[in-house]
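Novice: The following block contains the structure, expressed as structure tokens.
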Amino acid sequence: MRASHIASEIAIIISVVCVVDASAHHSFAPHFDSSKPVSIDGTVTEYEGRNPHSYLHIAAADENGRTREYVCESHGVTQLTRNGIRPDMFKAGTKVRVTGSQSRHSPYMCFFDSVEFADGRKLSVNGPTGGSRPAASVAAPRKDIFGTWLLAPIPNRSTSGPQPMMQFLTPAGQKAVAAYDPFRDDPTFRCDPVGIRRVWGAPATPLEIARQGRDIVLRHEWMDVRRVVHMNLTEHPKTGARSSLGHSIGRFDGDTLVIDTANFVPGVVNQYVEQPGQPTRGLLHSSALRSVERVRLDAARQRLVVEVDFVDPEFFTQPFPRATLEYAPSDLRIEPFNCSPLGLTGTLRK
């Protein structure tokens with residue numbers, strides 16, 4: 001079938017989703033242009049059902065009638081399956097129409113937000129209602145922080161754009177930022193969970209807070225993260241192992257769980273930072289990063305409230321502004337994420 005043009009400046013293309021809200025795992029804007037919506041009719045040649053992103057390959061005719069392969073990126077296979085878009089729907093030879101937003105890197109790539117089949121079924125990658133929360137996420141009222149939770153939608157959320165902390169970099173921080181290529185060096189390309197704030201901000205994937213003996217364990221479906229908060233320790237081991245998630249110790253301040261984390265490796269706070277007239281950069285942190293998380297239940301609103309404070313005296317001249325996120329109770333089961341590094345460069349595939 002022939003690709004249809006929805007925007008006059010688009011030569012040929014496939015449909016992609018405009019994901020700048022809570023359903024985008026990675027920043028949308030550096031890779032896709034929501035002002036250039038597209039649609040394509042074609043035949044499935046392959047479906048790569050992976051996490052954190054899936055890729056749908058479609059054979060379709062361009063405006064000159066030549067058959068081309070289009071590659072449409074979307075959410076991870078776990079999220080798509082929860083929202084009714086299953087891998088078995090994309091067998092080779094299946095006729096589909098996808099719609100979404102144009103890739104900034106190739107006229108034959110996109111991020112799709114909906115798919116329509118020959119029998120008339122049209123499905124949204126964000127679920128039956130078009131929202132960013134998976135179906136079946138309603139759960140019984142909570143009395144404390146324990147249980148399974150899902151990130152509440154964040155209106156007009158953007159994971160790129162200017163970052164005020166770029167103005168408070170030390171010379172060491174400036175040097176690190178200058179040497180970092182966000183399109184190549186981000187730890188997610190190696191399936192590393194990256195860092196605490198980004199783990200908390202992962203949308204459409206549940207997390208579980210549970211007791212394990214004297215410790216508290218936070219399990220995030222995203223990247224199969226498992227954090228142990230050591231409740232019987234008051235100091236971090238000086239010679240302990242370092243990682244992107246660090247070493248956590250905790251205590252209760254009334255009903256609030258306070259988590260102190262150190263022993264980080266140098267990492268990435270924001271994968272993409274876009275500032276007018278400047279190349280896309282990343283916001284980085286050093287191994288001197290120290291974080292404090294406060295986790296409490298707002299029982300009246302049935303929201304898990306998470307506040308995250310960062311201090312990094314090696315890369316920044318002042319502390320970070322507090323980040324606040326909210327989660328809703330969920331009855332979703334945490335599934336294996338099984339991150340695949342293939343295709344994780346945000347459509348800059350090998």
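Novice: Within the stretch 201-227, which residues are outside any loop (DSSP other than H, G, I, E, B), in contact with a Ser or Thr (Cβ under 7 Å, 6 or more places away or on another chain) and more than 15 Å from LEU304 (Cα to Cα)?
Specialist: TRP222, ARG227
Novice: Follow-up question, since we're still on this one. Select the strands (runs of 3 or more DSSP E) contained entirely in the stretch 38-140, then report the ones holding at least 3 residues which are among the polar types (S, T, N, Q).
Specialist: Qualifying strands (runs of 3 or more DSSP E): 95-103.
Novice: If a residue must be among the β-branched types (Val, Ile, Thr) and surrounded by fewer than 19 Cβ atoms within 10 Å (Cβ to Cβ), how many such residues does the stretch 250-283 contain?
Specialist: Residues flagged as among the β-branched types (Val, Ile, Thr) and surrounded by fewer than 19 Cβ atoms within 10 Å (Cβ to Cβ) within the stretch 250-283 amount to 4.
Novice: Can you tell me which of (1) closer than 15 Å to ILE145 by Cα; (2) open to solvent by 40 Å² or more (accessible area, probe 1.4 Å); (3) more than 22 Å from the chain's Cα centre (by Cα) is the one GLU326 doesn't meet?
Specialist: All conditions pass for GLU326, except number (3).
Novice: Okay, moving on. Would you point out which residue out of GLU116, GLU48, GLU73 is among the charged types (D, E, K, R), under 16 Å from the mean Cα position of the chain (by Cα) and modelled with pLDDT of 90 or more?
Specialist: GLU73
Novice: Moving to a separate point now. Among the numbered criteria (1) in contact with a strand residue (DSSP E or B) (Cβ under 6 Å, 6 or more places away or on another chain); (2) surrounded by 15 or more Cβ atoms within 10 Å (Cβ to Cβ); (3) modelled with pLDDT under 95, which single criterion is violated by THR94?
Specialist: (3)
Novice: Further question: Of the numbered conditions (1) in contact with a Leu (Cβ under 8 Å, 6 or more places away or on another chain); (2) open to solvent by 60 Å² or more (accessible area, probe 1.4 Å), GLY213 satisfies every one except a single condition; which is it?
Specialist: (1)
Novice: Let me ask something additional. Do we have ILE85 as crowded, with 17+ Cβ neighbours inside 10 Å, β-branched (Val, Ile, Thr), without any contact (Cβ under 8 Å) to a residue 60 or more places away in the chain and in contact with a Cys (Cβ under 8 Å, 6 or more places away or on another chain) here?
Specialist: So ILE85 fails the test.
Novice: Just to be sure I understand the filter: pairs with C-beta atoms under 7 Å, separated by 6 or more residues or on different chains, first member in the stretch 93-105 and on the phi < 0 side of the Ramachandran plot and of a type in the set (D, E, K, R), second member assigned to a strand (DSSP E or B) and surrounded by fewer than 24 Cβ atoms within 10 Å (Cβ to Cβ). Which pairs pass?
Specialist: Matching pairs, first to second residue: LYS95/THR43; ARG97/SER39; ARG97/ASP41; ARG97/GLU116; ARG104/ASP33.
The values are calculated or read from the model by the stated rules, or taken from the named source; none is laboratory data. Bear in mind the structure is a predicted one, so any value in this text is a computation, not a measurement. Because the Cβ atoms are built from the backbone with ideal geometry, glycine has one as well, and the counts that use them run over all protein chains shown. Note: accessible area is taken over every heavy atom of the protein model, side chains too, but ligands, DNA and RNA are not part of it. Shrake-Rupley method; radii C 1.70, N 1.55, O 1.52, S 1.80 Å.
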